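To keep things clear, I will list the structure first and then write my remarks on it.
A short reminder: the numbers here are calculations on the coordinates, not readings from a lab. This structure is a prediction, so every number in the text was calculated from the model and none was measured. In this analysis, Cβ positions are derived from the backbone assuming ideal geometry, glycine residues included, and neighbour counts consider all displayed protein chains.
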């Protein structure tokens, strides 16, 4: 397409008697101004009067002189040819409901068919001779050559061009003289050799063609996409076809590009959920046709957000790209690898024997054994997965299958890292129950259904209380006492733990302050803090508020954080914990031994206390002391206090004392107690005597 001049090549709407029918689908009365017409159009009124081309009195309306540019006044037919001022052209488009002239131009069918129809009307009025369009009629020349789309006139009898416009020559690369008298087939214009017959058939049936998509070939052999419209008119008694086509190659390329963007993840380039929604059923039908079943493996990277928090989102994107690349390289093309969102991938795995699913899962697990090299860092990650087979649940559509696979994934993640779970209908019941529990959990804070119990921590040598751990309980009005194992995971997943944790911290600090005022000899209170609370970035403010409102000495408060969170902490989180410790609040690592921390990892943490997990204390009953001994030795080397959790027997207590651990917490001394029972326990000082 040639470069457009300011007004001459913006659209077929250059001509007032061609432009306005295209825009308004009606002719204007000759005694009304364009401004008035636009005003009426905006009010929803249309025009039915026909413009008389032969009317001698037709002149530019006085109100329109500033809006239009006269090009040519044909004295014989009294036809005024006008180009619309850009401002009024835009106003006309907006009056029709388009936001811009370009948006109007995208209405290809209306434009092309309207142009063909208007040219047909013009030719009938002008009675032009087929051998002298330009020589004998300058009026037609202006119209024909200012239309920016290729327009041709051919005889239906032999298909020869009898006229082509300037845009046709620019599109195809052929001179007008080279085209006239020859057929599209001779010039090999249409990529489809049968296209002209298709066009003729449509014209025979409907007398016009609108927006027919095909491809043409220019003189250089390049194929371009076009929209074609045509109509038939008689010229000097011979039936001719007036056709127009618009090159839409750039638009098609843009559409393909936008389609690719819409159907592929922008980070990894893998196909996404939109692609699955459009093509997934096709994949399934193709497989089922050959008796092949499909397993949907929903894959999620464990603790992916910690990568983002530790090293930045750039490294997170690099990791996603590396995972995608490894999946693509490791699986054959028959397995469709998709990237649904964030760190979630979905694999569509065709299979004939069920055993092959487990083999695929086993192989998938091995892909995450090797580290991922990201610039200057080597990262080890694991992944959890949920699986569903479509043959087992034939009544599910694709979206339902994906949702069920995700339910299975959630079950796997509840089991821990690097786990896999298969979907069963029981999971739906579990999901429904969790949703109900979540709703009730949201109401529990407002209804004051939570309360705290306190489990004493004992110095086994001195038989003294060294502190208490505050533990939350939920007294549900209908369910009764709900186990923390039921509602804490739900609170973690939904983020409600932030509000609940703030309440626990505030309540524990308030109680500690009361004990101080009452002279109760409790050295400190320990409160569990979730990694979700720390990562949310609100813990410092929540802590400051609790300490200030209760005027509590920070040294009387201990925050317990699980080892599992500490291992995957980010530098920003370390800064938060360091700030907390600098205030005088003690920090302890809870459940130690379950997260496989290394000595170097523990050494860099701002810790005061190490709590040995109950699972290791239980092993003492079988004379298995090596691990506990190693943990105690490491804690002493790092100058950390040591508390053994879950001490239930005198044998365990004696073994711990022999290994140098004097502090314990467990049912041997006391279960978690409500306030009244704790007060009695302290008064009695009735500890178990070794």
Check your understanding: If one computes the Cα centroid of the stretch 169-233 and of the stretch 246-289, what distance in Å separates the two points?
Key -> 30 Å
Point to revise | Kirkwood-Stokes translational diffusion coefficient of the stretch 171-256, alpha-carbon pairs, 37 °C, 0.692 mPa s, µm²/s | key: 236 µm²/s
Check your understanding: What does a probe at residue 202 reach in the stretch 226-267, counting residues whose amide N is under 19 Å from the point 7 Å along Cα→Cβ?
Key -> 226-233, 240-252
**Study point:** Ranking of 305, 524 by count of other Cβ atoms within 10 Å, fewest first
**Key:** 305, 524
Point to revise | Contour minus Cα-Cα distance for residue 382 and residue 258 (0.36 nm per residue) | key: 41.3 nm
Exercise for review: Tell me the label-point distance for the pair residue 553, residue 397, using the 7 Å Cα-to-Cβ offset, in nm and rounded to one decimal.
Suggested key: 6.6 nm
**Study point:** Label-reachable residues, the stretch 397-415, where backbone N falls under 19 Å from a point 7 Å from residue 424's Cα toward its Cβ
**Key:** 404-415
Exercise for review: For a label point 7 Å from the Cα of residue 290 along Cα→C-beta, name the residues of the stretch 348-390 whose backbone N is under 16 Å from it.
Suggested key: 348-353
Review point. How big is Rg to Rh over the stretch 316-380, alpha-carbon atoms, Rh as the Kirkwood inverse-mean-distance radius?
Key: 1.00
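Once you wrap a convex hull around the alpha carbon atoms of the stretch 447-684, what is its projected area averaged over all directions, in nm²?
Mean orientational projected area (the stretch 447-684, Cα hull): 13.2 nm².
Listing 201, 576 from the residue with the fewest other Cβ atoms within 10 Å to the one with the most, what is the order?
Arranged by neighbour count, lowest to highest, 201, 576 become 201, 576.
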Exercise for review: Determine the shape class of the stretch 244-393: with a ≥ b ≥ c the square roots of the Cα gyration tensor eigenvalues, call it rounded for a/c under 1.5, and otherwise prolate if a/b is greater than b/c, oblate otherwise.
Suggested key: oblate
**Study point:** Part-to-part distance (alpha-carbon centres) for the stretch 635-671 and the stretch 506-539, which is given in Å
**Key:** 23 Å
Exercise for review: Starting from the Cα of residue 236, step 7 Å along the direction of its Cβ; do the same at residue 157; then give the gap between the two resulting points in nm.
Suggested key: 1.1 nm
Exercise for review: List 423, 161 from most exposed to least, where exposure is judged by having the fewest other Cβ atoms within 10 Å.
Suggested key: 161, 423
Study note, to complete from the structure: 1/(1 + (r/R0)^6) with r = Cβ-Cβ of residue 621 and residue 281, R0 = 56 Å, i.e. FRET efficiency to nearest 0.05, evaluates to 0.45
